1. Which net charge results for the neighbourhood of residue 178, defined as the other residues with beta-carbon distances under 11 angstrom from its beta-carbon, given Lys and Arg at +1 and Asp and Glu at -1?
2. In the Gaussian network model of the chain, springs joining C-alpha atoms below 10 Å, which of 113, 20, 93 carries the largest mean-square fluctuation?
3. Once you order the gyration tensor axes a ≥ b ≥ c over the Cα atoms, which shape class does the chain get: rounded for a/c under 1.5, otherwise prolate or oblate by comparing a/b with b/c?
4. Cα axis of helix 39-49 to longest principal axis of the chain: angle in degrees, 0 to 90, nearest 10?
5. Give the angle, between 0 and 90 degrees and rounded to the nearest 10, that separates the Cα long axis of helix 54-66 from the longest principal axis of the Cα atoms of the chain.
6. List every residue whose amide H lies under 5 Å from the amide H of residue 125, counting only residues 5 or more places away in sequence or on a different chain, with H placed 1.01 Å from N in the peptide plane.
7. For the chain, give the share of DSSP beta bridges that are antiparallel, in percent and rounded to the nearest 5; count only bridges with both residues there.
8. Going highest first, how would you order 152-158, 133-139 by mean Cβ packing within 10 Å?
Amino acid sequence: MKKKSKLSKSERQNKFLELIKEDPFLTDEALCKLFNVSIQTIRLDRLELGIPELRERIKGVAEKNYDKVRSIVGTEIVGELVDLTLGKSGISILETTNDLAFSKTKIVRGHHIFSQAESLAMAVIDADVALTGVSNIKYLHPVNSGDKLIAKAEVVRVRENKHFVHVKINANQIQVFRGKFILVSLEK
């Protein structure tokens, strides 16, 4: 979307509501560029409209999805579960911090990235009890502390008690990880 010419306050706020409804993950910075106004104006609009800040919006969306998860407890998912269609697909977001990274390089440790991917793969399958049978993973680019990781999982096939799930993780719109998981349902 390109920059808007100056709108009246009510027009801007109406458009603001539409945009947030379409994409609850829009940042204040992105909105101020879209509307060609200051960050303070966006924050005031958000306050007047009763729209919570980005972190709270993400939490709200995530809480609705945790109840759908069957194979693990929702709190065991690494990152915020922002979308879930059980047996089909899911999306999680992980805000990386210094405590997830090596202190010398500030590069996020691989096991945190893998944990986000594996826990999302477990969350999307439609099974009460499951374990990872096989994983084929590839780290494509280093992830720096402070990067936001967006993981997308898709169930590509189910054969008997085996669920084949592909997970891709992006940071700054660059794919940094891909994983192919075979999860085995232990149900009888």
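1. Values: positive: 138, 152, 168, 180; negative: none.
My count for the surroundings of residue 178 gives +4.
2. 20
3. The shape class here is prolate.
4. Roughly 80 degrees between the two axes.
5. 40
6. The list, which skips near neighbours in sequence, is 87.
7. Details: 43 of 43 bridges.
So the antiparallel bridges amount to about 100 percent of the total.
8. Working: 152-158: 17.1, 133-139: 12.7.
Packing proxy ranking, top to bottom: 152-158, 133-139.
All of the numbers you see were taken from the coordinates with simple rules; none came from a lab. For clarity, every value in this text was computed on a predicted model and none was experimentally measured. Neighbour counts run over all protein chains shown; Cβ positions are idealised from the backbone, glycine included.
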